[in-house]
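Before any comments, here is the structure.
The values are calculated or read from the model by the stated rules, or taken from the named source; none is laboratory data. Predicted model, so just to flag it, every value in this text is computed and none were measured. Here Cβ is always computed from backbone atoms with ideal geometry, including for glycine, and neighbour counts include all displayed protein chains. Note: areas computed on protein heavy atoms with side chains; ligands, DNA, RNA excluded. Shrake-Rupley method; radii C 1.70, N 1.55, O 1.52, S 1.80 Å.
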Amino acid sequence: MSQQSRGPRRPAKPYRRPQKDPVRLLAFEALRAVDERDAYANLVLPPLLRKAREKGDFDGRDAALATELVYGTLRRQGTYDAIIAQCVDRPLREVDPPVLDVLSLGAHQLLGTRIPSHAAVSASVELARVVLGDGRAKFVNAVLRKVAQDDLDGWLAKVAPPYDQDPEDHLAVVHSHPRWVVSALWDSLGGGRAGIEELLAADNERPEVTLVARPGRSTAEELLDEDAAVPGRWSPYAVRLSEGGEPGAIEAVQEGRAGVQDEGSQLVALALANVPLDGPDRTWLDGCAGPGGKAALLAALAAERGAVLLASEKQPHRAGLVEKALHGNPGPYQVITADGTRPPWRPGTFDRVLMDVPCTGLGALRRRPEARWRRRPEDLDNFAPLQRALLRTAIDSVRVGGVVGYATCSPHLAETRAVVQDVLKQRPETELLDARPLLPGVPALGEGPDVQLWPHLHGTDAMYLALIRRTG
């Protein structure tokens, strides 16, 4: 066939370089760090944002959008995976992780923000061209056009099994939590659909930034003079920053006189500090002190009473963070690097002991949304022996008449009541105190004697606290 018989050839389209979008490029970089390095977004994102500001690429609105894209994508990852799986022609595990990150970012813009659909698709395709190449950008374009054909409610009706047929799987897909986490949280709450739905929804909300005014160095009144600051709900030292508040810009935070600390963590420290004691009250211990938030508050409270805090942390780098948090404390304190299961101090040394043990962190899924996908049920078995050993150490370390606070940032019963009950069965010289009166004004604390805080009920992380007195 001659060239002429084919008809005139169409002129080739000129190659267009992909346009780099600094906001979406940064969000993609953060997601890759979370996936490849098991990093946490709350540690990865701030330096990326700071670098972008220094280069002049970002203003405040850009930073807010990048933050929403990263955290929104991570929180809704399970839901978006279920939707994307319906729009690709292969099992999701066969999609390259960088491609899946671009698809998830696009899905969040389409289904979780007010960005117009055409803009969400075109921006995602352009990002794909930059980070993946033109070939895979076409794949991204095809998939996201399918995603854009319905809204979130429409997709959930298609991909989530009916509640009546499989309640846990329905909640897992709709609220983007692994099924085993849904089951564990439901057990901890004690049943009922309304409560678990409210909790899972709260886990997907952006948490407020809460500050603590460290006694003797700052006051809540000083922090309330800042823009966007409102009083805390429960702690007299707490101040909340409404959306847009930047803690790093506050002078008291820069100087270490105040810090960022969830109100649940403040309540745990305050409850331990306020348990009535008979006899001396001179020596306190924080036995798992890193990264130092509770230790800083306890040290300040101890200084007001003429007491001394010993802050012990096994990991040297975390002990360094504790030292930094306590620097400038108005009274004496000491920070040491030590294994809490093999303590260097003598038994019966302390009047008050806090043991905030390592755990799965399921109580802080608002702040660390990637943890829900990273944790596995077998992690509970790995933590269990350590948690029990540390509680035994705490009981050994306190004097007769002194008090121990056992705390976790997890509501999982295997990390809370099961640990306390197992250890106290073996320790008849102890009694479990009613912790609820030590959290005055805080509602919905259950039947006691221990306390479980909840994001949907208290606006805090899901902190657990049991108070134990040594009686012999």
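Observations, loosely collected:
- Taking first residues from the range 401-416 that are on the phi > 0 side of the Ramachandran plot and partners that are modelled with pLDDT of 95 or more and assigned to a strand (DSSP E or B), the Cβ contacts under 9 Å between residues at least 6 apart in sequence or on separate chains come to 401/351; 401/469; 401/470.
- Unique residue being in contact with a His (Cβ under 8 Å, 6 or more places away or on another chain) and of a type in the set (Lys, Arg) when the list is 114, 76, 90, 129: 76
- A count restricted to the range 162-190 and to residues that are within 23 Å of residue 112 (Cβ to Cβ), open to solvent by less than 40 Å² (accessible area, probe 1.4 Å) and not polar (S, T, N, Q) stands at 11.
- Selected residue [of a type in the set (Lys, Arg) and either without any contact (Cβ under 8 Å) to a residue 12 or more places away in the chain or not in a loop (DSSP other than H, G, I, E, B) (or both)] from 427, 388: 388
- Residue identified as open to solvent by less than 50 Å² (accessible area, probe 1.4 Å), more than 27 Å from residue 255 (Cβ to Cβ) and among the β-branched types (Val, Ile, Thr) among 335, 357: 357
- Enumeration of residues in the range 339-352 that are touching a strand residue (DSSP E or B) at 6+ places or on another chain (Cβ under 8 Å), closer than 16 Å to residue 472 by Cα and not basic (Lys, Arg): 348, 349, 350, 351
- Selection status of residue 142, open to solvent by 40 Å² or more (accessible area, probe 1.4 Å), hydrophobic (A, V, I, L, M, F, W, C) and without any contact (Cβ under 8 Å) to a residue 12 or more places away in the chain: yes
- Every test in (1) within 18 Å of residue 351 (Cα to Cα); (2) in contact (Cβ under 8 Å) with a residue 60 or more places away in the chain; (3) outside any helix (DSSP H, G or I) is passed by residue 432 save one, and that test is (2).
- Screening the candidates 390, 362, 380, 413 for the property of being open to solvent by 30 Å² or more (accessible area, probe 1.4 Å), at pLDDT 95 or above and not aromatic (Phe, Trp, Tyr) yields one hit, 413.
- Taken over the range 39-81, the criterion of being part of a loop (DSSP other than H, G, I, E, B) and either crowded, with 20+ Cβ neighbours inside 10 Å or in contact with a strand residue (DSSP E or B) (Cβ under 6 Å, 6 or more places away or on another chain) (or both) is satisfied by 58, 76.
- The residues on offer are 120, 128, 148, 157, and the sole one that is touching a Gly at 6+ places or on another chain (Cβ under 7 Å), free of Cβ contacts under 8 Å to residues at least 40 places away in the same chain and either at negative phi or exposed (fewer than 14 other Cβ atoms within 10 Å of the Cβ) (or both) is 120.
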